[in-house]
Amino acid sequence: MGSSHKYYTYKNIAELPYACYNSSMKKTKFEWDENKNATNKEKHNVSFEKAQHAFADVKRVIAEDIDHSTDEKRYFCFGEVDGGVLTVRFTYRENIIRIFGAGYWRKGKKTYEKIN
């Protein structure tokens, strides 16, 4: 993800026409904390196993989460899964996508539809 891109905070991203960009990632592995996965399933009814599928959407949108990027860069992936737009919060290190949140949220759908 090159330095030529402008990044915006998530709360403003849906209103900006070029805040997101499509990204092609190398073949990667996925990982997550099982306790966070269980909590996410209870809270948002989405498992991290299912969340991986958002990255398979050829029209997926990747955006940097500037508001929550303190120690390392964090991102959102907006991708269509099972007929809805799934938002996945993750970090990317050494070709490993570490998922730490996922859900079907209105802001993610709005961003995805605006970009696509």
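The values are calculated or read from the model by the stated rules, or taken from the named source; none is laboratory data. Predicted model only: the values in this text are computed from it and were never measured. Note that each Cβ is placed from the backbone with ideal geometry, even for glycine, and that neighbours are counted across all protein chains shown. Note: accessible area is taken over every heavy atom of the protein model, side chains too, but ligands, DNA and RNA are not part of it. Shrake-Rupley method; radii C 1.70, N 1.55, O 1.52, S 1.80 Å.
Brief remarks on what is shown
- Filter on Lys59/Lys109; Lys50/Lys114; Lys59/Lys107; Lys43/Lys73 - keep pairs with C-alpha separation over 19 Å: Lys50/Lys114; Lys43/Lys73
- Estimated FRET transfer efficiency (Lys29, Val58; beta-carbon r; R0 22 Å; 0.05): 0.65
- Within the accessible surface of segment 73-116, defined with a 1.4 Å probe on protein heavy atoms only, the carbon and sulfur portion equals 43 percent.
- For segment 31-116: Kirkwood Rh in Å [reciprocal of mean 1/r, alpha carbons]: 12.9 Å
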